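Please treat every number below as a calculation from the coordinates, not as lab data. Predicted model, so just to flag it, every value in this text is computed and none were measured. Using ideal geometry, Cβ is built from the backbone for each residue, glycine included, and neighbour counts are taken over all protein chains shown.
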Amino acid sequence: MNGGKVQSEILQTLRAAGYRLTGPRRKLVDLLLQAEAPLTAEEIYQRARQARAQANLSTIYRNLATFCEMGWLEALPGPSGERHYQVRSADEQRLSVMCLDCGELTTLKTDAGGPFNAVVRDLGFSAQSLRVTVAAHCEHICGRKAEAK
C-alpha cells in the first residue's frame, strides 16, 4: 500500500470518528507515516517542533492514545517502560528484536506468521495482526561490547 493511500485512509478514519483534521493533527499523522523506525512521544514532539507544528507534548500524547485506540498506530514497550509508536500495517506481520541496553528496535526481514500464527490459533486467538518482539542485549550498536573489553 502506498503512503498517500495510507494517509488518506487514516484521515478518513479520523474524520469518520468525529475528529477534526487540524493542521497539527495532520502533521502528526505525516510524521508517523514518515518515521523509519518506532519513535517515543518525546521524539515525535521534537520532530513536530522542527516541522513547526503547533502542538505541545500533552497534545501529542492524547493524539497518540487516540490513534492507538483507533487501531492504526501501535505502541511498543521500550526497555525503560517508555512506549515507541509506529504505524500498524494491516497486512504485515512483524518480528523484531529490541536491545535491552539501548532500546534500539530492529525489524527482521522474515515470515513471523507461520509457526507463531499456529500457536496463537491453538490458544484460541485470531492472529489477524501478529507482532512479536524479542528482547535481548545487543553487542554492536550501543557500546555494550566495547565496555566488556
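For segment 3-87, the convex hull drawn through the C-alpha positions has a volume of 88 cubic angstrom per residue. Note that segment 25-69 shows a convex hull volume over its alpha carbon atoms of 67 Å³ per residue. In segment 1-85, Cα pairs under 8 Å separated by at least six residues give a relative contact order of 26 percent. Here segment 3-87 is treated with +1 on each Lys and Arg Cβ and -1 on each Asp and Glu Cβ, and its dipole about the Cα centre works out to around 460 debye.
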